[in-house]
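What follows is a set of notes on a single structure, which appears directly below.
The values are calculated or read from the model by the stated rules, or taken from the named source; none is laboratory data. None of these values were measured; they are calculated from a predicted model. Ideal geometry is used to build each Cβ from the backbone, glycine not excepted, and the neighbour counts take in all protein chains shown. Surface accessibility is based on the protein's heavy atoms, side chains included, excluding ligands, DNA and RNA. Shrake-Rupley method; radii C 1.70, N 1.55, O 1.52, S 1.80 Å.
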Amino acid sequence: MSLYYHKRITIVPKLLHLNIGTHGWSLSLGTRRAHITRGSGGHGRASVRLPGGFRWHRDFRRR
């Protein structure tokens, strides 16, 4: 059995969130339709939800 913990803290309502979990933290900026996420390990993702159930995302990593 593995242990899992996740907590989401709202810094600015509907715009900026701090996510804390067992493997690190991440910061999300944006709305549910379009947002950018940056994690503690240097990874990140930009994503956009499009009408009709389509979704686009791009992963990036800090060098």
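A few points about this structure:
- Among the residues of segment 1-37, the ones that are closer than 15 Å to Val48 by Cα and assigned to a loop (DSSP other than H, G, I, E, B) come to 4 in all.
- Set Gly39, Gly44: member being open to solvent by less than 90 Å² (accessible area, probe 1.4 Å), touching a residue at least 12 places away in the same chain (Cβ under 8 Å), under 21 Å from His57 (Cα atoms) and in contact with a Phe, Trp or Tyr (Cβ under 6 Å, 6 or more places away or on another chain): Gly44
- If the condition is being aliphatic (A, V, I, L, M) and surrounded by 11 or more Cβ atoms within 10 Å (Cβ to Cβ), then segment 10-36 contributes Ile11, Leu15, Leu16, Leu18, Ile20, Leu27, Leu29, Ala34, Ile36.
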